[in-house]
1. What are the trypsin sites (Lys or Arg not before Pro) within segment 17-114 that DSSP puts in a loop, where the Cβ has at most 14 other Cβ atoms within 10 Å?
2. Cut-off 16 Å, label point 7 angstrom out along Cα-to-Cβ of Ser18: give me the residues of segment 100-117 whose amide nitrogen falls inside.
3. How far is it, in nm, from the label point at Ala117 to the one at Ser82 when both lie 7 Å from their Cα along the line to the Cβ?
4. Report, to the nearest 10°, how far helix 115-127 tilts away from the longest principal axis of the Cα atoms in the chain, using its own Cα long axis and a range of 0 to 90°.
5. Any idea how far the Cα center of segment 105-144 sits from the one of segment 19-79, in Å?
6. Under the Karplus relation 6.51 cos²θ - 1.76 cosθ + 1.60, θ = phi - 60°, what is the ordered set of whole-Hz ³J(HN,Hα) values for segment 87-101, x standing for Gly and Pro?
7. Please turn the phi angles of segment 21-27 into ³J(HN,Hα) values with the Karplus equation 6.51 cos²θ - 1.76 cosθ + 1.60 (θ = phi - 60°), one per residue in order, whole Hz, x for glycine and proline.
8. Can you pull the one-decimal nm distance between simple spin-label points at Met131 and Ser29, each 7 Å off the Cα toward Cβ?
Amino acid sequence: MNKVVPAILLALFSIGASAAEHQIKMVNSGKDGIMAFEPAFLKVAKGDTVKFIKVDASHNSASVVVPAGAAAWKGKMDEEISIPLTQEGVYVYICDPHKTMGMAGVIQVGNATNLDAAKQESEKLSKSFVMNKDRLSKALAQVK
Ligand SMILES: [Cu+2]
């Protein structure tokens, strides 16, 4: 053992202590219409965590677009999955059973490094929506 290990542990602890946990609700009906994530757009700091909260049953959260180096996720049905957001960029996610109903959302972490890729993928996705067609583009428009 040397002096480096305690220094690393201290650094890790500091990061953990400053990281915030945000919540996104999975709802059947909300401010933004039926079958929605609330909020549909969320901006957080690098290192924060987002937890998906089961308000209503039969939803999940699965990533569609993540920045380079970030891990994709696929929550089980009704799972309150927690996602550590370790890479800067734009994250786009959907609910698998309500994908065509426009149940999708956007998380921005720091700088929007992959915004063009996120826009392209979201346009494709939005074409498959039969309702709430502009929900994803509205969420993406809030990325700054
Ligand atoms: Cu759903």
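Where a number appears in this text, it was derived from the coordinates with a stated rule and is not lab data. Quick caveat, the model's predicted, so the values are computed rather than measured. Using ideal geometry, Cβ is built from the backbone for each residue, glycine included, and neighbour counts are taken over all protein chains shown.
1. Values: sites: Lys25, Lys31, Lys43, Lys46, Lys51, Lys54, Lys74, Lys76, Lys99; in loops: Lys31, Lys46, Lys76.
Taking segment 17-114 and a limit of 14 other Cβ atoms within 10 Å, the loop trypsin sites (Lys or Arg not before Pro) found are Lys31, Lys46, Lys76.
2. Under cut-off, by backbone N: 110-111.
3. 2.7 nm
4. Its long axis makes an angle of about 30 degrees.
5. Between the Cα centres of segment 105-144 and segment 19-79 lies a distance of 14 Å.
6. 10, 6, x, 10, 10, 10, 9, 9, 9, 4, x, 10, 4, 6, 8
7. 10, 10, 10, 10, 8, 9, 10
8. Spacing of the two 7 Å Cα→Cβ label points: 1.1 nm.
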